[in-house]
Structures are given as C-alpha cells and as structure tokens.
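A short write-up of the structure that comes next.
The values are calculated or read from the model by the stated rules, or taken from the named source; none is laboratory data. Predicted model only: the values in this text are computed from it and were never measured. Positions of Cβ are generated from backbone atoms using ideal geometry, with glycine treated the same way; all protein chains shown enter the neighbour counts.
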Amino acid sequence: MAVRRTDESGKFQKNLQKSVAKRIILMILISSLLFLAGQFSATLAANELNASNHLKKLEEVFLRFDRQNREFLLNENTVKAVEAIIEGEDAGAADEFKNYFRRFDENCDVRNQVIITNTEGEVLFTSFGENQLSSYLVNYNNAVCYNARNCGEGDIYRAVYYDRGNYADALFIKPIFVEGEITGYITLFLSGSGWNFYLSESNFDGVITDLRQNVMYISKPGLADSSNKFYGTRHGSWTHGQARYWVVSKELPEFSAIIYSLVYYPGNETVYIGLSALFIMGAAWYGIARWMAKSMAENNAASIERLVSEIRIIRKGDYDHRIQMNTDDEFTEVGYQVNHMLDSIQALNDRNTELLKLNSRIEMDQLTAQMNPHFLYNTLEIIRNLVVFDADKAEELIVKLTEVLRYSIDTSKKEVTLEEDMRFMYCYLDIQNCRFGSRFSFGVNFEPECMNCIVPKLLLQPLIENSIKYGFRKKMELNIKISGHVEDNVLLISVLDDGLGMEEEKAEELRKQLRAHDNSSPSIGLRNLSRRLYLRYGDGSGLQIRNREGAGFEVVARIEQRKGE
C-alpha cells in the first residue's frame, strides 16, 4: 500500500531536525553567556549591593511597624478595653478605647484604623467613617477573623486587604479570649497609602507581600497585577513591561511576609555587537546540522508516517477502522497494541452504556414502587376507622380513594401536568381532613403558569404525608401550606407545615442524603423522591429542606422543565 503524505507528514524528520537545532542553539547560548558574564559582572555586583542595602531598610521598617502593632494588640490594657466593648456592659468602654487607640496611633509613623467585632461578625467599634465602612470591608474582615480563630492567646494573625483602586492595607488580627473561649476580634488596618508615602523618598522600588503574593506595600502600583498579586522573581533579573529590574528578596515566615527590593537594571547596548558575531557563526552551524539531521531522519521515517496516517483515519471518526502495519519492525507491534486497546475501549463503552440504561430503568421502577404502598396503607387506615362511625362518609372516601388508585396505577401515564395531578391531591387532602377533623387544615396557592408544568404522578402525596406523619407527633393541630411558582424554567413547589420540625443535627444529615443522589444512603421516602426527580429531570432537580426546629418544616421540590414543555 502506498503511503499518503500530507503537509503534516514527516514529523519524525522534523522533530529530529529540531532536536539537533536545539543543541546548536544551546551551544550558541552557552557561548553568549560566557561572553556576557564578563560584561555583566560589574553591573550585577553593584545592583546586588544596592538591592541588598535597600532590602535591609525595607525589612527594618516592616519589622518596626509589625512590632508596634503587635505590642499594641497584645497589651493588657488593649485586651481589657476590647473585652469591655465586646461584653457591652460598660457604656463608656468605647470612648475609653477610642482615646487609648488615638494616643497609640499618634505615636506611629503610619496611621492605623481599627475594627472590633464579636464572634457573629457584628461591628462593635470602628475608627472607619460611615462612608469608608463598606459591606465588602466588613465581610472581608469577618473572613480573616474566621481564619484567625486557630490562633493562640499570644498570637497575631496577619492578612492583606485590597479594595480595587486603592493601596492595600496590612491587617493584624487578634482573637479575644475569655476563660479560654473566643468572644470577639480586634483588627488593625495599617494604612497602605500612608505606608507608601512614608517610603516614597527611596531611590529604589520595593514590594512587600504575604506568603500568597498578596501585596501589602508596593512602591509602584503598576508592578502588581489587577488582583493585587506580585509574581516577580525572588532573586535575579526580572522584566516587567519595558523595564528590567534586579531583584533581591527575603522571606519572613514568622511574620507571613516576603520583602522584595528592586533596582532598575537597564540593558547594555554594546553587548549586542559581540552577540551578533556569535549568532552568525551559529547560523552556519545550524545549517550544517539541519542537513545532517534530514539525511538521518529520512532513513527511519517511513514506518512512523505510515502509523500516523492510520491513526488519523481513526481520529477523523472511523472508530471501526483498525491499523494495518506490515513494516516488519517495532511499529508493527505498536499498531497491534493500539488495535487491541481500541477493541477493549469499544467493548467497555458498549457495556457501560447498556448497564447505565438498565440500572436507571430498574432504579426508577423500584423508587416508584416504594412510594405507592405508603399512600395506600395510610388511606385505608382512615377508611377503616370511618366505617364504624359514619358509613356514608366512608363510602364517599372510598370513592375518592378509588379515583386516586385508578389514577396512580394507570401505566399509560408516568408524567402529568400539575393541574391534572392536583385534582387527585384534593381527594387525598379531603381524606386526611376527614381523618383529623378541625385539627387539620391546608391551603393551596399556585401561580397560573405552574399548572401546565410537567410533574411525576402523585408528586405531592409523599410530601404531604411526611408533614402529617411527623407534624402530628408532638402537636395536636397542624396546618399545611402548598404553593408553587416557576423560576428560570424550573418549577418550585413548597410544602410547608407548622409542626415542630426536627432536630437540626438530623436535618443536616437529611440534607446530605438529599444532595448525595446515590444509592448508598438509607432508603427513606424523601430521599427516594429526590432521587426519582434527579434521575428523571436532571442534575438541577430534587428535594431541598428548610428546617425550623420547634416552628415548622418545609420541603421544596425543584423540577427542571424540558424545552418544549
């Protein structure tokens, strides 16, 4: 068979030529580096010295600011004043702390702001003005306070706050402990603009970040990206835009900081003359090596081109095609192994597809079967009690039960409109109303667009039954509100009762089961129904619960409506 060649053919030759070319280029680069070493040595030594000296200054300033704020936060008077504010028993505690903080701040080279919050994130005291205390700042402060919860009584947690368009502030957070328990937090905001002004007289640039590259100080805002991150090198030459810098840095793990000193490092135009000569010679070496590589590659490329040509046929969609190789070399074995792999993948894919369809069908049938006996048993129990006392009423309920059962066992329909399903739900609710009398009441409120939505038959019956079953356990009277609306092509149906709900621990366990959508959770009615909705209507469908312990329980069914429904 003739080998079809394309513009992409001969990749083996091309790769071999590239490999040789890379080695020639490497030789040129090595020669260039040796040449450049002598030219750059003096400049690098001077840059290293300047950067190191500037780094020491930045480190001294950073440690001084950190020490000042740390001593303030750990001071016994500070802690007592903050405790008084958090406890809220001393009306003058805020004014006392305000004066104490003002005296501290006036003695600092850079101004600070402060926020005191309780464990619920409520701001109890702040030096920020109302126009400065944005919701973003408060939420961010609560987030870093949450991260600081693992600190000991003598520890300070550090972070960086950045609001786009402004300089970043360095944050110092101390949890407040009372008898070993955290009751609140105090956060110092070291002014980013003040810090930049304080260091503005330096001849060199500098950056201070936390260990995650978040900038807390930067001499030129343009050195950081839009998210206030600095990704400069730790040591050596670093190019940013059109400027080049020599960088020296120092990491301070105990303070969660990295300090960078940047010295402007312009290019040396005279170096390019020597490099030009080296590149001319390198071009000649490259041409010779390329010719040699091409000669060697042509002797070994036929088998590779044949294999690639066969694989392209499969890649274009002919998955039944199998590679034909008769080159009497190692590539024949490669083709055989690829064919074997394709056969295995195809067989496994067919098996998994069939198994998935079978499992889904079986599981759907099982889930549906689990629900109907619960409804039938509870309804017959009502009728059994009524036969003794009111035969006429029992006869009426039997008629209604017959209608519901005829509806539920009708296999011609597995899905109906909500309007059709509710006609039979009213029969079910009437039966329950007869059973409990004035102790049971219900209300139904669906928006008009809900009634044409598609739902599984008897969707609401297990939800209503669940409310009745658990709502009457500890309460003599029960009211159920059934409502629904459509939002973004999703039908939302709520069944809300005013029972006593369930323990929050059990409610959280039920939420986990409803979110799991698998077969590993215990089989309960709500989980079964949620699984049924998930299998039939997709990932966004299922049940959600809202528990109000001691006040009520709500189940919300989400059913995604398919296009055209």
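A few notes on this one:
- Selection of first residues in the stretch 467-489 that are acidic (Asp, Glu) and of second residues that are part of a strand (DSSP E or B) and surrounded by fewer than 20 Cβ atoms within 10 Å (Cβ to Cβ), restricted to Cβ pairs under 9 Å at least 6 apart or on distinct chains, gives the following pairs, ordered by first then second residue: GLU477/PHE440; GLU477/SER441.
- When residues of the stretch 451-502 are limited to those that are of a type in the set (S, T, N, Q) and under 32 Å from the mean Cα position of the chain (by Cα), the one surrounded by the most Cβ atoms within 10 Å (Cβ to Cβ): SER494
- Residue check, ALA551 more than 28 Å from the chain's Cα centre (by Cα) and either outside the structural domain of MET422 (by TED's automatic domain parsing) or of a type in the set (Gly, Ala, Ser) (or both): yes
- For the stretch 85-96, filtered to residues that are hydrophobic (A, V, I, L, M, F, W, C) and at pLDDT below 90, the residue that is nearest to TYR198 (Cα to Cα) is ALA94.
- Qualifying residue in the stretch 195-202 (condition: farther than 30 Å from LYS80 by Cα and either in contact with a helix residue (DSSP H, G or I) (Cβ under 7 Å, 6 or more places away or on another chain) or buried (at least 20 other Cβ atoms within 10 Å of the Cβ) (or both)): yes
- Qualifying residue in the stretch 235-253 (condition: among the aliphatic types (A, V, I, L, M), under 30 Å from GLU76 (Cβ atoms), at pLDDT 90 or above and in contact with an Asp or Glu (Cβ under 8 Å, 6 or more places away or on another chain)): yes
- The set of residues in the stretch 129-183 that are in a loop (DSSP other than H, G, I, E, B), under 19 Å from ASN112 (Cβ atoms) and out of contact with any Pro (no Cβ under 9 Å at 6 or more places or on another chain) comprises GLY129, GLU130, ASN131, GLN132, LEU133, SER134, ILE156, TYR162, ASP163, ASN166, ALA168.
- Those strands (runs of 3 or more DSSP E) of the stretch 384-498 in which 1 or more residues are within 19 Å of GLY552 (Cα to Cα) and at pLDDT 80 or above occupy 440-446, 478-487, 490-497.
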